[in-house]
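Asks: First the structure, then my questions, so here it is.
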Amino acid sequence: MATRVDTLEPLPSPEPERPSARRLSPSEWARENLFGSKLDAVLTVAFALLLAWALYRVGRFVFADARWEVIDRNITNLMVARFPRDELWRIWAALFVLAASLGFGAGAAATSRRRDLEEGRAAPPGRTEVLRRAGPVVALVAVLLWFAGSLEATILTLGVAAVAAGAYLGGRRVRWRAARFAPIVLGGIVIAFLIVAAFGGVGWDNWGGLLLTLFLAVAGILISFPLGVLLALGRRSSLPAVRVVCVAYIELVRGVPLIALLFMGAFMIGFFLPPGVDRPSLVTRALIALVLFTAAYVAEIVRGGLQSVPRAQIEAAQALGLSPLRVTGLIVLPQALRNVIPGLVGQFISLYKDTSLVFIVGLTDLLGVAENITKQPDFLAQGLIVETLLFASVIYWTGSYWMSRESQRLERRLGLGER
Amino acid sequence: MRRWAFQVAFLFAVVVVLLYLYENVTDNLRRLGITTDFRYLRQPAGFAIPDSDFRSSQTLFDAVLVGVQNTAKVSLLGILLASILGVVVGVARLSTNWLVRRAAAAYVETFRNIPVLIIILFWYLGVVLRLPPIGEAFEVLDLVVVSNRGLVVPWFDRVGAAGLFLVFVVLGVVAATVVGVWRRRRLERKGEPARVLLWSGGALLLALAVGYFAAGRPWVFETPERGELATSGGLRLSPEYAALLIGLTLYTASHIAEIVRGAILAVPRGQTEAANALGLSGFQRLRNVVLPQALRIAIPPVANQYLNLVKNSSLGVAISYYEVTKITRVSIAQAAPAVQAILLLMAAYLVFSLAIAAITNFANRRLALKGR
């Protein structure tokens, strides 16, 4: 901006008042949004008919034609498949721990948000916000409980919800920065895992259904994250040898479909081991394939974050005499990783959906169970696959839709793309 | 100096790990009496491929080639259909019509958040295989026969020599190019509307029509006839092909629609306002001002979606569509060495990926606005 010397320049006029958005009456709204022109009117009528027909067909199927008995009787199978039934208490215990840690984390996050609010950096929440945010998940849990039709499960679920709410209120009392509660959430996940798998528990080879799907997705992203960060750093390294190896790995993996890697896990990993070593279970091998696959994508996401850190930051750190390791660890990575959180959530969502591919190599994840139960003697050859696939896709859809919504919110809150 | 030492040590470590794995693989294979080279590809396949001329006495290498062809068949048509549907839905998401906008959003949110494998399985097991058997197949306008044995569409049937016709095809393409260049020059000199599509397309069609009759009608357009147990004539799309194509198209289109929507929003508002000020109609504004700019922005991410579509076509393995992944799976089950077969499979996909990346990079360079 040019230097201002001319004192005669008029003072900046106050912000012109925006015409207040008048609420349209229903007929005005319809004229504006549905029948603006002849073409609009035709489109509206055509789409209204089409949508009405689709809704009628889906509604009639869901509430009248579908035979939900196959889901009713297999709800536990769909959730955990071959998991031993007398060890189910471990899963409930794990759910309580998860609820506590996630609730606490969310509460602590809300605290830091309240500080943002007080300082005018965030918009106050709307009245219906909580309902809108939790809506899809609550609806899904309700559907699951309806199918389970068990009083015990309902009470336990309410207990889990109560623990989550209590932990949330507890979390709001602490005044921590955001970085502090990440270890708590992570710790919660690890403890939950140990409760199920360790101390005489059930190893993941015997997990199945939704439990296996979630395990593969969460373990996949957690293990591939450090690998991806290393690959991204390697790709940005000033050492040509390191760079070439990392680029070769990333591009090779991104050029082949996940199913090819899963085949590699299923048929090839055994050959890589020295003679005499037993090959790991199919679940482990599938997890290895998922990790190898996801690491390449995480690396590309992290690379984007690394590139977003201004060069001046690195130069300033070097000027302070920090060693290269410290420049990366203390200056570059913390800023880069903060910028890639939404990208990582997106990768997690796509991993969550992609775990369905393990069904092709013969694992009984959620999709695997959904397919298998149509072959039970009672349900064989009755064409129930539509019901079971619909049920599975509702679970996938809710999780993935809910996470992408939350990720968009997070993106707005972090103010990414605004700088 | 330290940098060099580190790099040498790093490369050394990588090579040692790779050699160790290689040693283990060859060791294990030898002990199990499995070949360690690619000569197995010359052996007869021992399995037939549905919907192709492939016989089980042909070599495994031929089988892989058929698989690559089938992958290309479903990918190319899928890319075409997904692009069209994606652009339409992306534009519809920004429609001024509330209902159209919400319907497009519902479509996108539904298909983006469900695993593509479930979409494909649903179309295969839930829709295509549940169509009526051939005896009760329904026909659309006497042209398309729809049954649980697939879709039969009208197609050309070859009855005569086609050599002369092919010459005319080449001539037609040349003529169309020349006419196109001429029309564009005229536009630049005299400001006459170019109408390249009309003129070039006309020239091509004319050449094709002349060639068709000059060669003595080598092709006959045949509509399928429905029999009791089979259909005759026309081109049959197998149920597997149809389901995979529909599933891939619907899933990829939902992603492309989001990209197109973002690209349209990224076109500066001033462009729309200027088009309005010039008195262009809504369609003209979209066709001549907004979309040409938006699609340029959209090319790189859409190219990524094309790559994803090709890779997702590997899910044909779940519904026994014999693309290259399914062929690999079957050949492993038929005692082909798994390690080599999977390496070959990965190589095939890398070639596909590189080809598509090369084409789209070329398109991006050609279409990118210069001088910005």
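The values are calculated or read from the model by the stated rules, or taken from the named source; none is laboratory data. Here the structure is a predicted model, which is why all the values come from computation and not from measurement. Positions of Cβ are backbone-derived with ideal geometry, glycine not excepted, and every protein chain shown enters the neighbour counts.
Asks: What's the number of the only condition in (1) within 14 Å of another protein chain (Cβ to nearest Cβ); (2) closer than 27 Å to B:ALA355 by Cβ; (3) touching a residue at least 60 places away in the same chain (Cβ under 8 Å) that B:LEU85 fails to meet?
Replies: Here B:LEU85 meets the rest and fails (1).
Asks: Follow-up. Please work out if A:LEU306 is in contact with a Lys or Arg (Cβ under 6 Å, 6 or more places away or on another chain), more than 14 Å from chain B (Cβ to nearest Cβ), farther than 30 Å from B:LYS326 by Cα and not charged (D, E, K, R). Break it down into steps so the answer makes sense when it comes.
Replies: On the way: in contact with a Lys or Arg (Cβ under 6 Å, 6 or more places away or on another chain): yes; more than 14 Å from chain B (Cβ to nearest Cβ): yes; farther than 30 Å from B:LYS326 by Cα: yes; not charged (D, E, K, R): yes.
Considered against the rule, which asks whether it is in contact with a Lys or Arg (Cβ under 6 Å, 6 or more places away or on another chain), more than 14 Å from chain B (Cβ to nearest Cβ), farther than 30 Å from B:LYS326 by Cα and not charged (D, E, K, R), A:LEU306 comes out as yes.
Asks: Restricting to helices (runs of 4 or more DSSP H) lying wholly in region B:266-363: which have 3 or more residues that are within 11 Å of another protein chain (Cβ to nearest Cβ) and either out of contact with any strand residue (DSSP E or B) (no Cβ under 9 Å at 6 or more places or on another chain) or surrounded by 14 or more Cβ atoms within 10 Å (Cβ to Cβ) (or both)? Talk me through it step by step, then tell me what you get.
Replies: Values: elements: B:269-277, B:291-312, B:324-333.
Once the helices (runs of 4 or more DSSP H) in region B:266-363 are filtered for at least 3 residues that are within 11 Å of another protein chain (Cβ to nearest Cβ) and either out of contact with any strand residue (DSSP E or B) (no Cβ under 9 Å at 6 or more places or on another chain) or surrounded by 14 or more Cβ atoms within 10 Å (Cβ to Cβ) (or both), what remains is B:291-312, B:324-333.
Asks: Across region A:372-383, which residue is nearest to the other protein chains (Cβ to nearest Cβ) among those that are closer than 13 Å to A:GLU69 by Cβ and not in a helix (DSSP H, G or I)? Before the answer, list the steps.
Replies: Of region A:372-383, the ones closer than 13 Å to A:GLU69 by Cβ are A:373-374, A:376, A:378-379, A:382.
Subsequent filtering for residues that are not in a helix (DSSP H, G or I) retains A:376, A:378-379, A:382.
Details: A:GLN376: 16, A:ASP378: 19, A:PHE379: 14, A:GLN382: 12 Å.
Looking at residues that are closer than 13 Å to A:GLU69 by Cβ and not in a helix (DSSP H, G or I), I get A:GLN382.
Asks: Next question, about the same structure. Can you pull out every residue in region A:23-62 that is assigned to a loop (DSSP other than H, G, I, E, B) and either surrounded by 11 or more Cβ atoms within 10 Å (Cβ to Cβ) or of a type in the set (Lys, Arg) (or both)?
Replies: Step one: list which residues in region A:23-62 are assigned to a loop (DSSP other than H, G, I, E, B), which gives A:23-25, A:34-37.
Scanning region A:23-62 gives A:ARG23, A:LEU24, A:LEU34, A:PHE35, A:GLY36, A:SER37.
Asks: Right, next: Name the single residue, out of those in region B:118-129 being buried (at least 23 other Cβ atoms within 10 Å of the Cβ) and facing chain A (nearest Cβ under 7 Å), that is farthest from A:LEU380 (Cα to Cα).
Replies: Of the residues in region B:118-129, the ones buried (at least 23 other Cβ atoms within 10 Å of the Cβ) are B:118-121, B:124, B:128.
Those left that are additionally facing chain A (nearest Cβ under 7 Å): B:118, B:121.
Numbers: B:ILE118: 20, B:LEU121: 17 Å.
Among them, the one singled out is B:ILE118.
Asks: Ok, one more. Filter region B:11-34 for residues that are exposed (fewer than 14 other Cβ atoms within 10 Å of the Cβ) and not in a helix (DSSP H, G or I); which is nearest to the other protein chains (Cβ to nearest Cβ)? Reasoning before the result, please.
Replies: Within region B:11-34, the first condition is being exposed (fewer than 14 other Cβ atoms within 10 Å of the Cβ), and the residues that meet it are B:12-13, B:15-20, B:22-23, B:30-33.
Those left that are additionally not in a helix (DSSP H, G or I): B:32-33.
Working: B:LEU32: 9, B:GLY33: 13 Å.
Taking the candidates together, the pick is B:LEU32.
Asks: As an exercise: evaluate A:ARG338 against (1) in contact with a helix residue (DSSP H, G or I) (Cβ under 6 Å, 6 or more places away or on another chain); (2) of a type outside the set (Val, Ile, Thr); (3) surrounded by fewer than 20 Cβ atoms within 10 Å (Cβ to Cβ); (4) within 29 Å of A:VAL253 (Cα to Cα) and give the number of the one condition it does not meet.
Replies: It fails just one condition, (1).
Conditions tested, residue by residue: (1) modelled with pLDDT of 90 or more; (2) in a helix (DSSP H, G or I); (3) within 25 Å of the chain's Cα centre (by Cα).
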{"site": "A:GLU251", "(1), (2), (3)": "no, yes, yes"}
{"site": "A:GLY265", "(1), (2), (3)": "no, yes, yes"}
{"site": "A:PRO275", "(1), (2), (3)": "no, no, no"}
{"site": "A:LEU290", "(1), (2), (3)": "yes, yes, yes"}
{"site": "A:ALA296", "(1), (2), (3)": "yes, yes, yes"}
{"site": "A:GLY304", "(1), (2), (3)": "no, yes, yes"}
{"site": "A:GLU315", "(1), (2), (3)": "no, yes, no"}
{"site": "A:GLY321", "(1), (2), (3)": "no, no, no"}
{"site": "A:ILE331", "(1), (2), (3)": "no, yes, no"}
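Asks: Out of A:VAL386, A:VAL361, A:VAL369, A:VAL345, which single residue is part of a loop (DSSP other than H, G, I, E, B), among the aliphatic types (A, V, I, L, M) and either touching a Phe, Trp or Tyr at 6+ places or on another chain (Cβ under 8 Å) or more than 10 Å from chain B (Cβ to nearest Cβ) (or both)? Talk me through it step by step, then tell me what you get.
Replies: On the way: A:VAL386 fails: part of a loop (DSSP other than H, G, I, E, B); A:VAL369 fails: part of a loop (DSSP other than H, G, I, E, B); A:VAL345 fails: part of a loop (DSSP other than H, G, I, E, B).
Answer to the selection: A:VAL361.
Asks: Shifting gears a bit: Pick from B:THR177, B:THR249: which is surrounded by fewer than 17 Cβ atoms within 10 Å (Cβ to Cβ), modelled with pLDDT of 85 or more and not acidic (Asp, Glu)? So that I can check it myself, show each step before the final result.
Replies: Working: B:THR249 fails: surrounded by fewer than 17 Cβ atoms within 10 Å (Cβ to Cβ).
Criteria check complete, one pass: B:THR177.
Asks: Kindly evaluate B:PHE111 against the criterion of being more than 9 Å from chain A (Cβ to nearest Cβ), outside any strand (DSSP E or B) and touching a residue at least 12 places away in the same chain (Cβ under 8 Å).
Replies: Working: more than 9 Å from chain A (Cβ to nearest Cβ): yes; outside any strand (DSSP E or B): yes; touching a residue at least 12 places away in the same chain (Cβ under 8 Å): yes.
Yes: the conditions hold for B:PHE111.
Asks: When you go through A:ARG254, A:ARG236, A:ARG243 one by one, which is the residue that is of a type outside the set (Ser, Thr, Tyr), within 24 Å of B:PHE352 (Cβ to Cβ) and surrounded by fewer than 19 Cβ atoms within 10 Å (Cβ to Cβ)?
Replies: Details: A:ARG236 fails: within 24 Å of B:PHE352 (Cβ to Cβ); A:ARG243 fails: within 24 Å of B:PHE352 (Cβ to Cβ).
Unique residue meeting the criteria: A:ARG254.
Asks: (1) more than 10 Å from every other protein chain (Cβ to nearest Cβ); (2) free of Cβ contacts under 8 Å to residues at least 24 places away in the same chain; (3) among the hydrophobic types (A, V, I, L, M, F, W, C); (4) over 24 Å from A:ASP354 (Cα atoms): which one isn't true of A:PHE272, the others all being true?
Replies: (1)
Asks: What is the residue count in region B:124-144 for residues that are assigned to a helix (DSSP H, G or I) and of a type outside the set (Ser, Thr, Tyr)? Outline the logic, then answer.
Replies: Filtering region B:124-144 for residues assigned to a helix (DSSP H, G or I) gives B:124-130, B:134-136.
Keeping just the survivors that are of a type outside the set (Ser, Thr, Tyr) gives B:125-130, B:134-136.
Of the residues in that region, 9 qualify.
Asks: Can I ask one more? Testing B:ILE49 on (1) within 13 Å of chain A (Cβ to nearest Cβ); (2) part of a loop (DSSP other than H, G, I, E, B), one condition comes back false. Which one is that?
Replies: (1)
Asks: Do we have A:VAL229 as more than 9 Å from chain B (Cβ to nearest Cβ), in contact (Cβ under 8 Å) with a residue 60 or more places away in the chain, in a loop (DSSP other than H, G, I, E, B) and of a type outside the set (Gly, Ala, Ser) here?
Replies: no
Asks: Does A:ILE91 meet the test of being touching a residue at least 60 places away in the same chain (Cβ under 8 Å) and either closer than 30 Å to B:ALA103 by Cα or touching a Ser or Thr at 6+ places or on another chain (Cβ under 9 Å) (or both)? It would help to see each step written out before you state the result.
Replies: Details: touching a residue at least 60 places away in the same chain (Cβ under 8 Å): yes; either closer than 30 Å to B:ALA103 by Cα or touching a Ser or Thr at 6+ places or on another chain (Cβ under 9 Å) (or both): no.
No: the conditions fail for A:ILE91.
Asks: What are the pairs, 6+ residues apart or on separate chains, where a residue within region A:49-63 that is away from chain B (no Cβ under 11 Å) has its Cβ under 9 Å from a residue that is in a helix (DSSP H, G or I) and not hydroxyl-bearing (Ser, Thr, Tyr)?
Replies: A:VAL62/A:LEU390
Asks: Of everything in region A:77-104 that's over 19 Å from A:VAL138 (Cα atoms) and of a type outside the set (A, V, I, L, M, F, W, C), which residue is farthest from the chain's Cα centre (by Cα)?
Replies: Taking the candidates together, the pick is A:ASP86.
Asks: Also, I was wondering about something else. Return yes when A:GLU300 is touching a residue at least 24 places away in the same chain (Cβ under 8 Å) and either touching a Leu at 6+ places or on another chain (Cβ under 7 Å) or not β-branched (Val, Ile, Thr) (or both) and no when it is not. Break it down into steps so the answer makes sense when it comes.
Replies: Details: touching a residue at least 24 places away in the same chain (Cβ under 8 Å): yes; either touching a Leu at 6+ places or on another chain (Cβ under 7 Å) or not β-branched (Val, Ile, Thr) (or both): yes.
Considered against the rule, which asks whether it is touching a residue at least 24 places away in the same chain (Cβ under 8 Å) and either touching a Leu at 6+ places or on another chain (Cβ under 7 Å) or not β-branched (Val, Ile, Thr) (or both), A:GLU300 comes out as yes.
Asks: Something else now. Kindly indicate which of A:ALA81, A:ALA108, A:ALA100 is farther than 22 Å from A:ALA153 by Cβ, in contact (Cβ under 8 Å) with a residue 40 or more places away in the chain and touching a helix residue (DSSP H, G or I) at 6+ places or on another chain (Cβ under 6 Å).
Replies: Details: A:ALA81 fails: farther than 22 Å from A:ALA153 by Cβ; A:ALA100 fails: farther than 22 Å from A:ALA153 by Cβ.
Just a single option satisfies the conditions, and that option is A:ALA108.
Asks: I'd like the residue in region A:232-247 that is within 10 Å of another protein chain (Cβ to nearest Cβ) and of a type in the set (A, V, I, L, M, F, W, C) and, out of all such residues, is nearest to A:ALA392 (Cα to Cα).
Replies: Among those residues, the one meeting the criterion is A:VAL245.
Asks: Let me ask another. Do the conditions hold for B:VAL8, that is, is it free of Cβ contacts under 8 Å to residues at least 12 places away in the same chain, away from every other protein chain (no Cβ under 12 Å), over 20 Å from the mean Cα position of the chain (by Cα) and assigned to a helix (DSSP H, G or I)? Write out each step before concluding.
Replies: Numbers: free of Cβ contacts under 8 Å to residues at least 12 places away in the same chain: yes; away from every other protein chain (no Cβ under 12 Å): no; over 20 Å from the mean Cα position of the chain (by Cα): yes; assigned to a helix (DSSP H, G or I): yes.
Considered against the rule, which asks whether it is free of Cβ contacts under 8 Å to residues at least 12 places away in the same chain, away from every other protein chain (no Cβ under 12 Å), over 20 Å from the mean Cα position of the chain (by Cα) and assigned to a helix (DSSP H, G or I), B:VAL8 comes out as no.
Asks: Kindly establish whether B:LEU65 is more than 14 Å from chain A (Cβ to nearest Cβ) and surrounded by 18 or more Cβ atoms within 10 Å (Cβ to Cβ). So that I can check it myself, show each step before the final result.
Replies: Working: more than 14 Å from chain A (Cβ to nearest Cβ): yes; surrounded by 18 or more Cβ atoms within 10 Å (Cβ to Cβ): no.
Here the answer is no, as B:LEU65 does not meet what is asked.
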